[in-house]
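Only one structure is covered here, and it is reproduced in the block below.
The values are calculated or read from the model by the stated rules, or taken from the named source; none is laboratory data. Please read all numbers here as calculations on a predicted model, not as lab measurements. Note that each Cβ is placed from the backbone with ideal geometry, even for glycine, and that neighbours are counted across all protein chains shown.
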Amino acid sequence: MSRNMSLNRCLLSRSVANAIRAFRVCALLLCAALAARAQSSPNEHLPAGDAKEKAEAACLTCHEARIIVQQRLTKAAWTKEMDKMVKWGAEVDPKDRDALIDYFSANFGTDKSLYEAPKTKIESKNVESKTKTKSKP
Ligand code: HEC
């Protein structure tokens, strides 16, 4: 009887230990995810503007902002792009269509400087070492 009880206690403390371990792993994963988010570049978000909230609601359900912010299109091309996305399922209130086209053309028109892809730490290092080697005579 007493042997059984101590076996039970042992099993119980083992499952408590497992639960604590699982909790620790979860906490670590959460921290890593938060850190990765904090590092994401401002290039990855839609910029401030009148139609920003509507654009976020209509355009970020299927893909991230990056696919949008890396474009440099004329207004005619943004119009086509918008209509294509609506055909594909983007929910855009017809009365917001023009405002969204204006917002995208103003922020991601052909007159804007080229999109710079964010670099990971490793990529930045490689670029740095390449530039260093190049600058040597
Ligand atoms: C129903 C899902 C969906 C919604 C909502 C959506 N898109 Fe897309 N979008 C896609 C898919 C699928 C692709 C192609 C992705 C790929 O090629 O990897 C895409 C690609 C794009 C591209 C890249 C060029 C191209 O045509 O492939 C742009 C720019 C774009 N979307 C803009 C928008 C904008 C602006 C909105 C909001 C009005 C929007 N998307 C909403 C599904 C969607």
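A quick yes/no check of all residues on (1) more than 29 Å from residue 124 (Cβ to Cβ); (2) assigned to a helix (DSSP H, G or I); (3) within 12 Å of the ligand (Cβ to nearest atom); (4) modelled with pLDDT under 95:
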| residue | (1), (2), (3), (4) |
| --- | --- |
| 36 | no, yes, no, yes |
| 46 | no, no, yes, no |
| 61 | yes, no, yes, no |
| 68 | no, yes, yes, no |
| 82 | yes, yes, yes, no |
| 90 | yes, no, yes, no |
| 98 | yes, yes, no, no |
Selection status of residue 117, away from the ligand (no atom under 14 Å from the Cβ), modelled with pLDDT of 95 or more and either assigned to a loop (DSSP other than H, G, I, E, B) or of a type in the set (A, V, I, L, M, F, W, C) (or both)
no
Residues of the range 70-80 satisfying the condition of being near the ligand (Cβ under 10 Å from one of its atoms) and either in contact with a helix residue (DSSP H, G or I) (Cβ under 9 Å, 6 or more places away or on another chain) or within 10 Å of residue 102 (Cα to Cα) (or both)
70, 71, 73, 77, 78
List the residue pairs whose Cβ atoms are under 6 Å apart, where the first residue sits in the range 60-88 and is under 18 Å from residue 106 (Cβ atoms), the second is surrounded by fewer than 14 Cβ atoms within 10 Å (Cβ to Cβ) and hydroxyl-bearing (Ser, Thr, Tyr), and the two are 6 or more positions apart or on different chains.
70/115; 72/110; 74/110
If you go through the range 60-79 one residue at a time, how many are within 13 Å of the chain's Cα centre (by Cα) and not acidic (Asp, Glu)?
9
Taking residue 57, is it part of a helix (DSSP H, G or I), more than 8 Å from the ligand (Cβ to nearest atom), closer than 20 Å to residue 44 by Cβ and under 23 Å from the mean Cα position of the chain (by Cα)?
yes
